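Data first, discussion second: the structure below is written as structure tokens.
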Amino acid sequence: MSILFGVFGLLIGSFVNVLIYRLPISKNIVFPRSSCPHCGRVITWYENIPLLSYILLWGKCRSCHGPISIQYPIIELINGVAYCFLASNYVLQGELLPLVLRALIFSLLTAHIVIDLRHQLLPDGINFFLAIFFFILSILNEQWVMGLYGMALGVALPLLVTYLFYLVKGVVGLGGGDIKLFGALGLFLGPLGIIQNIFFSCLLGSIMGLALILVKALKREKPIPFGPFIITVAGFQIYFPEYFKRLLTLIF
């Protein structure tokens, strides 16, 4: 079962690559069919098999021999391995729906990270579906009321901080996509969980930002994408809650 779900993850990983490429340029994610970015030739189904096609084509377009980004097999592989790992934990418990939801959430969060790193953008469409999946999980866990409180706090607190930062500095400190992501996460994490996420993601972002400035890899006035830090912390909260609790115990 884990292997089959891992294969399903490879297929979803291929779709994640579509999201990464098309959402930032507001392109339909279903039509038209995928094509070579170099020569424009439509890619056939047998040239679009996750991992296998990239290997058989030696990472090049069959028509013009233009290079295919290594991102495609990497995202597919990460997604497949993650799905396999999740299946090994949840199938034994007979929790098929939570398994599928958590797997799809992983894929959407992966797309978020890559898009934000490249474009400093967290698409509303991904945040919308994340909110739906998180809310369904909160209903299954019989925590939907706390989830609504978490969503409200996840939106209100960052929005208030951003507004105060704007009054003091005259610049927007946090993007709308980040605030919406906090709201979506709050539906699953609840009030306490989203406060912890806000704290640790800000801490992680500050440490990484300072480190990049010290090694002169980032200019002080240049903003860095905040979504990956939110998602990194959320990843531990969602998929490794016991390790996250241990971290809290060590710190506090």
ask   = Restricting the first residue to segment 35-46 and requiring it to be over 12 Å from P67 (Cβ atoms) and surrounded by 11 or more Cβ atoms within 10 Å (Cβ to Cβ), which pairs with a second residue that is modelled with pLDDT of 85 or more and among the aliphatic types (A, V, I, L, M) meet a Cβ separation below 9 Å and a spacing of at least six or different chains?
value = S35/V42; S35/I43
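Per-residue answers, yes or no, for (1) at pLDDT 90 or above; (2) of a type in the set (S, T, Y):
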| site | (1), (2) |
| --- | --- |
| M208 | yes, no |
| A217 | no, no |
| E221 | no, no |
| I224 | no, no |
| P228 | yes, no |
| T232 | yes, yes |
| F240 | yes, no |
| F252 | no, no |
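Please report, ordered by residue number, the helices (runs of 4 or more DSSP H) entirely within segment 138-252 with at least 2 residues that are farther than 27 Å from V114 by Cβ. Steps first, answer last, please.
Working: elements: 144-169, 176-214, 227-239, 241-251.
By residue number, 144-169, 176-214, 241-251.
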ask   = How many residues are of a type in the set (S, T, Y) and more than 18 Å from F182 (Cβ to Cβ) if we restrict to segment 194-238?
value = 0
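On the given criteria, is S63 within 23 Å of R118 (Cβ to Cβ) and surrounded by fewer than 17 Cβ atoms within 10 Å (Cβ to Cβ)? Before you say what the answer is, go through the steps one by one.
On the way: within 23 Å of R118 (Cβ to Cβ): no; surrounded by fewer than 17 Cβ atoms within 10 Å (Cβ to Cβ): yes.
Criteria not met by S63.
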task = Can you give me the number of residues within segment 15-34 that are in contact (Cβ under 8 Å) with a residue 24 or more places away in the chain and within 14 Å of I68 (Cα to Cα)?
result = 1
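Enumerate the helices (runs of 4 or more DSSP H) found wholly within segment 1-103, keeping only those where 3 or more residues are at pLDDT 95 or above and within 23 Å of the chain's Cα centre (by Cα). It would help to see each step written out before you state the result.
Values: elements: 2-22, 52-56, 71-90.
Fully inside segment 1-103 and qualifying: 2-22, 71-90.
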inquiry  = Condition (residue is out of contact with any Lys or Arg (no Cβ under 6 Å at 6 or more places or on another chain), in contact (Cβ under 8 Å) with a residue 60 or more places away in the chain and buried (at least 19 other Cβ atoms within 10 Å of the Cβ)) applied to segment 197-215: is it met by at least one residue?
reply    = no
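The values are calculated or read from the model by the stated rules, or taken from the named source; none is laboratory data. Every value quoted in this text rests on a predicted model; they were computed, and no experiment measured them. Every residue, glycine as well, gets a Cβ built from its backbone with ideal geometry; the counts of neighbours run over all protein chains shown.
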